[in-house]
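Notes for the one structure printed next.
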Amino acid sequence: MRRYLRVVGLCLACGFCSLLYAFSQLAASLEEGAGSAGGKPQAAAASWLAGGEHGAERGAGLGGSGRYSLKTQPVEKMHLAVVACGERLEETVTMLKSALIFSIKPLHFHIFAEDQLHDSFKDQLDSWSFVQGFNYTLYPITFPSDSAVEWKKLFKPCASQRLFLPLILKEVDSLLYVDTDILFLRPVDDIWSLLKKFNSTQVAAMAPEHEEPRIGWYNRFARHPYYGETGVNSGVMLMNMTRMRRKYFKNDMTTVRLRWGDILIPLLKKYKLNITWGDQDLLNIMFFHNPESLFVFPCQWNYRPDHCIYGSNCREAEEEGIFILHGNRGVYHDDKQPAFRAVYEALRNCSFEDDSVSSLLEPLELELEKTVHTYCGKIYKVFIKQLTKSIRNRYGRPPKER
């Protein structure tokens, strides 16, 4: 009898627990249904926001494409900044397109441009409203009022705006700055992940200006201090801006260490007659005095004509392909380096449709084969090695192989 009562008690306890579980599941499902009215998480809804002093901002939806799982993991947004002045609209738009084609996590574009370019940027980027996972903010070109003319004319128009990004984008923790003549041949996610490789003292990352000292500019001609053996190139610059704003930098102007916002104007005043490449030279001077603050990534993350016009000197690109193509010296728009121009035109003419992206390889390789009379063209395989992997990883096999 006692054993019978124990069995009955156990059954009643199990039944009670089952009822509690059923009620909890019902409550959770009702709560989820109320929170996702319309069939999409709130974070995925498209919206237009007034940008105030920062110009126009657009929010694009993240849901519906299957690229992000908002319910199972937090979505990390990557921040990409560019400065566009003069005749740089098409080049900048092509760069932004290359970033969107392959990237996985959502992107926020911070576009600093002259006022007359804002409407054109809006028209172009708003026409991409069907593309999932990006938004943008347009900003005017702004410099400290007491030295605005000097900063704007330093090297190229508006280029030195990049020096002030940590001070303008105060709410942004980390940022990837790129020049307008950049093309991404693999996801932005991959260079963004290098932020996790920074040690405790590093605040920024750049690639060397040269791999071969015999053709290096800084080690042969510079009239100012520069980082390392051949200097660094600022066309692709990854920044932990929270650290940059907090750090006190050593310098050769005072024995007192200065913060980023306090060091720029004194640095310009001291070296403005000795610098050739403007803001890049100032960055080299800064990291010469603070080498522990710089993370140096390989040349394949900032591949320029200098890496092949005198013969191939970027070993990493030969082994794995080019990750980021940097068409400085205007090579996308003249006939001096047709291999660079071929890649630029292929991505400029590419649309966002899967078939358009996955089918660009064959005609691009045919164009590159026509460039073998140049040093860069002789190694044209490095231009498509990584691009081929990126297309297949992101879009699967080309349509003809399906």
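The values are calculated or read from the model by the stated rules, or taken from the named source; none is laboratory data. The structure displayed is predicted, hence computed values, not measured ones. Every residue, glycine as well, gets a Cβ built from its backbone with ideal geometry; the counts of neighbours run over all protein chains shown. Calculation scope for accessible area: heavy atoms of the full protein, side chains included, ligands and nucleic acids excluded. Shrake-Rupley method; radii C 1.70, N 1.55, O 1.52, S 1.80 Å.
In this structure, R220 does satisfy being under 30 Å from Y310 (Cα atoms) and among the charged types (D, E, K, R). Applying a threshold of 7 Å to beta carbon distances and a minimum spacing of six or more residues, or different chains, the list of pairs starting in the range 119-137 at a residue that is aliphatic (A, V, I, L, M) and ending at one that is assigned to a helix (DSSP H, G or I) reads V131/L100. State whether the residues of the range 172-179 include one that is of a type in the set (F, W, Y), buried (at least 17 other Cβ atoms within 10 Å of the Cβ) and part of a strand (DSSP E or B). The answer is yes; a qualifying residue exists. Is it the case that some residue within the range 99-111 is outside any loop (DSSP other than H, G, I, E, B), within 21 Å of the chain's Cα centre (by Cα) and more than 17 Å from D179 (Cα to Cα)? Scanning the range 99-111, I find at least one residue that is outside any loop (DSSP other than H, G, I, E, B), within 21 Å of the chain's Cα centre (by Cα) and more than 17 Å from D179 (Cα to Cα), so the answer is yes. Screening L282, L294, L264 for residues that are within 20 Å of L194 (Cα to Cα), within 26 Å of the chain's Cα centre (by Cα) and open to solvent by less than 60 Å² (accessible area, probe 1.4 Å) leaves exactly one candidate, L294. For the range 100-118, filtered to residues that are of a type in the set (A, V, I, L, M) and without any contact (Cβ under 8 Å) to a residue 60 or more places away in the chain, the residue that is surrounded by the fewest Cβ atoms within 10 Å (Cβ to Cβ) is L117. Only a single criterion out of (1) over 24 Å from A84 (Cα atoms); (2) out of contact with any strand residue (DSSP E or B) (no Cβ under 7 Å at 6 or more places or on another chain) is not satisfied by R257, namely (2). Could you grab me the full set of residues in the range 193-228 that are open to solvent by 40 Å² or more (accessible area, probe 1.4 Å) and among the aliphatic types (A, V, I, L, M)? Scanning the range 193-228 gives a single hit, I215. If you go through the range 366-402 and pick out every residue that is touching a Lys or Arg at 6+ places or on another chain (Cβ under 9 Å), open to solvent by 50 Å² or more (accessible area, probe 1.4 Å) and within 22 Å of W301 (Cα to Cα), you end up with 2. Of the helices (runs of 4 or more DSSP H) lying entirely inside the range 297-402, the ones with 2 or more residues being under 27 Å from E211 (Cβ atoms) are found at 315-320, 338-349, 361-369, 375-378, 381-395.
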